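Everything below concerns the one structure shown next.
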Amino acid sequence: MTERGEGQIFELLGRPGGIVLTREGFHHPAQPNGGGRAFTLYEDLTHLSLSSRALWVAARRSSLPLRRSIFKVPGAPEALLAALRARIADLPGGSAQLARMARVEERGSQNPPLWATWGLIALCGVVFVLQLLIGRDLHAVGYYSGTLVAHGDLWRLLTANLLHAFPSFPLHLVLNMLSALALGVLVERTLGTPRTLCVMGAAGIVSMLACGLAGYPVVVGASGVVAGMVGAVVWLEFFRPEEVPAWRRIPRRPLVVLLLLSLLLDLVVPILAGAAHLGGFVAGGVVAALVGGRPVGSPRVPAAVKIASAAVVLVTGAAGLVAAAELWRSPDYVAHNLVRFAEFPEVRSAELNNLAWMTAIDPDVTEAQLWAALALAERAVAETQRSEPTILDTLAELQFQLGAVGPALLSIDEAIALSPFERYYHEQRRRFTGERDADDRPEPGMPWDFGPPEKGPGVTV
């Protein structure tokens, strides 16, 4: 440390300027490795703490760990900490500011168990194993569908958050659980378990309701809950930064960048449920603001918050039990669901067709599911007055799989007549007549390498 006029200078390795303390504030690096320059007023400091690796400096609009390795003199971090505290003490109200910092340090040093976070991870893990063991029936009884919820399946508002796509490839689960753990450390250790449960419960339900408003037919995954935890982090950072330890804050610029990148992914990746993320984010931020307490994460938890957190646990357990009872009553729940959709007058022909087609191409499909899907396809064909070739193709596929080759040929011929230059329909016909192997289903929209079809008009390949 050196003196220069009214300022103190703490020199840094290979970085000109160092850390300069002036009368009102100090100039310092903007990045942990010493890069960039920033200026912070002493009155804006909210937390100072020293660890074995860095000096943590938190202000109302920023949080920064200054690594020990960037200081030129080994004991400089300790001297800088003492100098900053001395400057704060000289401010009007400096004693109260230092007392608040001490309280933040004390709360931050406590690391209570992450019951809510690990509970979510364990529950999703157990459900994922059950997905592998039970298969499509578990997915069918638990996924979110606005139509099914409107017809009484309220448990899906919660169970859908515990299911994940692609059981044979658990990337969806792993990404969500790693995100939940990272955010859980920030949120639950700051707000406490009861308040975090309130954030999770509200985010899970609101995210699914948002998907219903957006018209998503099928939704699974805990990303809405994770987005709710992001909302809580944003609320803490922008509205209560002075009460959060420096090491539990995400610097604002990277936080905003991450939010913008997440929004961009939601817009460009069609399989991501952007409405779930937005709904969960808003719900998490709002509920964190409602239950956060003063000081934030106060050990005195209001009775209403305790009741709400207990309700989240009990209602989630009840939802799981109801879903299990539904599975117990229906030996083939996928078929049961398809039969129900065929009875709902508000379901559009496009959704009926999608359900029927996904059933038709499922390698583990049962005969009961095929018959149920056939009813969906027949209704979709009737409602479109036999004018949509893709829907007629779905009907033909199901008829063929159920052994009705004659009706399948009639249906595919109608599709060919409506779209004579679509090669896929001709290849389907060749499959139905035995010119192509029955298990060799063509892929719609693929650039076929075959010669021109023997029947029907020529097509451009």
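Could the peptides 255-262, 330-337, 196-203, 82-89 be put in order, highest first, of the mean number of other beta-carbon atoms found within 10 Å of their residues?
Final packing ranking: 196-203, 330-337, 82-89, 255-262.
Under a Cβ-only charge scheme (Lys and Arg +1, Asp and Glu -1), can you give me the dipole magnitude of the chain about the Cα centre, in debye to the nearest 20?
The dipole of the chain has a size of about 2800 debye.
Residues with beta-carbon under 10 Å from that of Tyr144, excluding Tyr144: net charge, scoring Lys, Arg +1 and Asp, Glu -1?
On the way: positive: Arg156; negative: Asp153.
So the surrounding residues net to 0.
Take the alpha-carbon centre of segment 16-34, take the same for segment 306-360, and report the distance between them in whole Å.
Segment 16-34 and segment 306-360 have Cα centres spaced 58 Å from each other.
In percent, what relative contact order does segment 2-108 have, based on Cα pairs under 8 Å that are 6 or more apart in sequence? Kindly include the intermediate steps, with their values, before the conclusion.
Details: 166 pairs, mean separation 20.9, N = 107.
The normalised contact order for segment 2-108 reaches 20 percent.
Given labels modelled 7 Å from the Cα in the Cβ direction, how far is it in nm from Ile9 to Trp118?
The modelled label-to-label distance comes out at 5.1 nm.
Go through 435-443, 49-57 and give me the packing order, highest mean Cβ count within 10 Å leading.
49-57, 435-443
Taking only C-alpha pairs under 8 Å that are 6+ residues apart, what is the relative contact order of the chain in percent?
Dividing the mean separation by the residue count of the chain yields 11 percent.
For Glu105 and Ala304, FRET efficiency with R0 = 41 Å and r from the beta-carbon atoms, rounded to 0.05? Walk me through the intermediate numbers first.
Details: r = 30 Å, r/R0 = 0.72.
With a Förster radius of 41 Å, E is 0.90.
With unit charges on the beta carbons (Lys and Arg positive, Asp and Glu negative) and the dipole taken about the Cα centre of the chain, which residue among Ile416, Leu171, Leu260 sits farthest to the positive side?
About the Cα centre, the residue reaching furthest to the positive side is Leu260.
At what distance in angstrom do the alpha carbon centres of segment 256-283 and segment 405-445 lie from each other?
40 Å
So what's the back-of-envelope 222 nm ellipticity for the chain, counting only DSSP H runs of four-plus at -39500 (n - 2.57) apiece and dividing by all residues, rounded to 500?
Here the helix-only value at 222 nm equals -18500 deg cm²/dmol.
Between Ala325 and Thr366, take the C-beta separation as r, use R0 = 25 Å, and let me know the FRET efficiency to the nearest 0.05.
The computed FRET efficiency comes out at 0.70.
At Glu24 and Val73, where each label point lies 7 Å from the Cα along Cα→Cβ, what is the point-to-point distance in nanometres?
2.7 nm
Along Cα→Cβ, 7 Å out, is where each label goes; now give me the distance between the ones at Asp440 and Ile271 in nm to one decimal.
2.8 nm
State whether the chain is rounded, prolate or oblate according to the following rule on the C-alpha gyration tensor (a ≥ b ≥ c being the square roots of its eigenvalues): a/c under 1.5 gives rounded; otherwise a/b larger than b/c gives prolate, and the remaining case gives oblate.
prolate
So how far, in whole Å, is the C-alpha centre of segment 127-187 from the one of segment 66-83?
Going from one Cα centre to the other spans 48 Å.
Rule-based calculations on the coordinates, nothing more; no lab input. Nothing here was measured: the structure is a model prediction, and the numbers come from that model. Note that each Cβ is placed from the backbone with ideal geometry, even for glycine, and that neighbours are counted across all protein chains shown.
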